[in-house]
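The values are calculated or read from the model by the stated rules, or taken from the named source; none is laboratory data. Here the structure is a predicted model, which is why all the values come from computation and not from measurement. As a convention, Cβ positions derive from the backbone with ideal geometry for all residues, glycine included, and neighbour counts pool all protein chains shown. With ligands, DNA and RNA removed, areas are computed over all heavy atoms of the protein, side chains included. Shrake-Rupley method; radii C 1.70, N 1.55, O 1.52, S 1.80 Å.
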Amino acid sequence: SSRESLDCALALQELVRMGVDNIITFDAHDPRVQNAIPLSGFETVRPTYQFIKGLLQNVPDLKIDSEHMMAISPDEGATYLANVLGLDMGMFYKRRDYTRIVDGRNPIVAHEFLGSSVEGKDVIIIDDMISSGDSILDVAKQLKARKANRIFAAATFG
């Protein structure tokens, strides 16, 4: 995983050498990788807009403002959405044990919460991907312990 951005950059450069002019991706993990192909088109589509649209169509009493709602990220992913919607943002910092590998990954020791109180607020958890579901379930459990109202979760990739 330490070479993820380098591998992606090389793949983008190879696609451009093959004649691709424009690249469209969904929720690029790090959109700065577009710097590897500065003279070609690179667009990252954020599927979270469709999630918000679905919420608004199906949850009639939803109030999207900073008094009633908060965006939460198990990592740094919800920053963009929180800014667009004008919501306060909270974040969980994943503290990992890098001395061990369990099932092919470094285990999470704790999720440290950074943000204001979620008490009584609806919460949107936005994540870029779910591999096992452990993080999002742990985050939801911790938010309920902090007295969050309803919790809605969305992930671009399962």
Taking N as the number of residues in region 60-124, the ratio of its alpha carbon radius of gyration to 2.2 N^0.38 Å works out to 1.37
Expressed as a percent, the accessible surface of the chain that is carbon or sulfur, using a 1.4 Å probe and the full set of protein chains, is 52
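Restricting to the chain, compute how many DSSP beta bridges are antiparallel as a %, nearest 5. Walk me through the numbers before you get to the answer.
Values: 7 of 26 bridges.
Once the DSSP bridges in the chain are tallied, antiparallel ones form about 25 percent.
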For the chain, with +1 on Lys and Arg beta carbons and -1 on Asp and Glu, the positive-most of M69, V109, Q50 along the dipole: V109
Using a Förster distance of 30 Å, how high is the FRET efficiency between A11 and V59, based on the Cβ-Cβ distance and rounded to 0.05? 0.20
Between N83 and T44, what FRET efficiency follows from the Cβ-Cβ distance if R0 is 22 Å, with the result rounded to 0.05? 0.90
Connecting every pair of Cα atoms under 10 Å apart in the chain and solving the GNM, the largest mean-square fluctuation among A110, A11, A71 falls on A11
Using a 1.4 Å probe, what is the accessible area per residue for the chain, in Å²? 62
In region 67-158, the trypsin sites (Lys or Arg not before Pro) that sit in a DSSP loop and have at most 11 other Cβ atoms within 10 Å of their own Cβ are R100, K147
What Kirkwood hydrodynamic radius do you get for region 36-158 when you take the inverse of the mean 1/r over all pairs of distinct Cα atoms, in Å? 15.6
